[in-house]
Amino acid sequence: MKLHNLRDFIAVARTGGIRAAARELNLSQPAISKSIAQLETELGTPLFERSARGSSLNMYGERFLDRAEAVMQELSRGKEEMLQLRGDTGGNVSISASSVISLAVLTKAISRFRKRFPDAHVNISEGSYSATLRRLRNRNLDFSVGPVPTAEIADDLFVEHLFNNDRCVIGRRGHPLQSATHLGELMSAEWITTSAVGPNDDEYREIFEGQGLAPPTSLIKCESLIALIALLAGTDALAFLPRQWATSELARSILAEIPITEKIPGPSTCLMRPNGLPLTPAAEALADAIRTVVKSGGIDNSY
C-alpha cells in the first residue's frame, strides 16, 4: 500500500467521483482509477459503490476512510513536528472548543501561544459531541476542550480533567424575572434547551423534577450558539448555561444571571486527545497555554 493510494482514495471519497478527484489532484482519470483498483485489490474488497452519478463509499469504504485520514494526518503532523523541533514557529493546530473555553479562556490562551508560535495556523471549531469524537479519532483534531463525556470513553482517547463547573439560569439584562430567587418562580418562562452548551432534554427535566417541580412545557430546542444568544438577548426566554456565560466580557453586557438559590450541577471540563501519540510541539504549546490560563484564575469556577 502506497501513500498515493491513500491520498487518491480520500480525494475520491471527498469529491464523490474519479473525475473530480483527478481534477483536484491534477492527475489523469486513468491514474486515479488504477490507484483505487490497486488499493481495493490489496484490501480484498471494493470500497465504493459506482454509478453514472459518481462513486460513493460502501460500508467498507466508510470504515477505511477514518483510517486513511488518520494516517495522512499523522504523517503531516510528523513532518511539522520535525520542523518545530528544529525551531520552526509555524505549523497547524486544529482544536474543538466549548462555549466556556471560547468565552473565558481562549483569548488569553491564544495570546500566550503566539509568543511561542507566532506563525502557526490555528483552526478552532465547534461541533456535536459525536462529531468531535469522530474528528479526534480520524486525527482531524489535535485535541478538544469541552464537557467531560457522560459515557465511558474507549482507550483510544485520553481525557485530562481541567476544572469543575456548574450552571446557572441565564436571561437578558432587564429580564422581568430578574429578581427571582427560586426556580419555582420561573415556571411561567419560556425555556431554551441546547445540548451544545447546556443540558439536553432529559437533564432539563431532571433539574426541575429534582426540585419537586413539573418541567415547563414551553420549550425551544436550539443547537446554534448564535441563535441561542439572539433568543436570550431579544426575548424573555431563559436557559441553564455554564456560569461563565454571565461573567464573560462578551456576554455580560446583554445577558445576566437570574440569582436563584438552587445549585444547578454542570459537567466538568476536560481536554481530550487521541491516545498513543504525543501532540506536536505547537499543539502541546496551545494545550499548555489553556492549562495555564485555567490554573491562573482565568476561569471563574468558584462555587
- Item | Pairwise centroid distance, computed over Cα atoms, of the stretch 1-22 with the stretch 120-188, Å | 35 Å
- Cα-centred dipole magnitude for the chain, charges only on beta-carbon of K, R (+1) and D, E (-1), debye, nearest 20: 1120 debye
- Message: Could you tell me the calculated FRET efficiency between Arg252 and Asp119, based on Cβ-Cβ distance and R0 = 35 angstrom, to the nearest 0.05?
- Response: 0.55
- State, to one decimal in nm², a quarter of the convex hull surface area for the C-alpha atoms of the chain, i.e. the direction-averaged projected area. 19.2 nm²
- Query: With Cβ to Cβ distances under 10 Å as the rule, what net charge do the other residues near Thr15 carry (K, R +1; D, E -1)?
  - Reply: +2
- Which lysines have a Cα less than 22 Å from the Cα of Lys108, not counting those fewer than 8 places away in the same chain? Lys295
- Qualifying lysines (Cα of each under 20 Å from Cα of Lys79; at least 8 residues distant if same chain): Lys2
- Note on the structure: So the FRET efficiency between Glu206 and Thr261, C-beta based with R0 = 25 Å and rounded to 0.05, is 0.85
- Query: Any idea which of Gly184, Phe158, Thr107 is furthest toward the positive side of the dipole for the stretch 70-227, if Lys and Arg beta-carbons carry +1 and Asp and Glu beta-carbons -1?
  - Reply: Thr107
- Task: Indicate, rounded to the nearest 5 percent, the antiparallel portion of the DSSP beta bridges found entirely in the chain.
- Result: 65 percent
- Item | Mean projected area (nm²) of the alpha-carbon convex hull when the stretch 3-67 is viewed from all directions | 3.9 nm²
- Query: Can you give the net charge of the other residues whose Cβ lies under 15 Å from the Cβ of His182, counting K and R as +1 and D and E as -1?
  - Reply: -2
- Task: Can you check what the net charge comes to around Met272, using other residues whose Cβ is under 14 Å from the Cβ of Met272 (Lys, Arg +1; Asp, Glu -1)?
- Result: +1
- Item | Gap separating the Cα centres of the stretch 56-88 and the stretch 217-240, nearest whole Å | 38 Å
- Message: Modelling each spin label as a point 7 Å along the Cα-to-Cβ direction, I'd like the Ala31/Arg134 distance in nm, to one decimal.
- Response: 3.1 nm
- Query: How big is the antiparallel share of DSSP beta bridges in the stretch 166-265, given as a percent to the nearest 5?
  - Reply: 70 percent
- Note on the structure: For Lys34, counting only aspartates and glutamates whose alpha-carbon sits under 18 Å away and dropping same-chain residues fewer than eight positions off, the answer is Asp8, Glu24, Glu42, Glu49
- Query: Could you work out the helix-only [θ] at 222 nm for the chain, with each DSSP H run of four or more residues adding -39,500 (n - 2.57) and the total divided by the number of residues, to the nearest 500 deg cm²/dmol?
  - Reply: -12500 deg cm²/dmol
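Here, each number is a calculation from the coordinates, and none is a lab measurement. Note that the structure is a prediction, hence the values are computed from the model and not measured. Here Cβ is always computed from backbone atoms with ideal geometry, including for glycine, and neighbour counts include all displayed protein chains.
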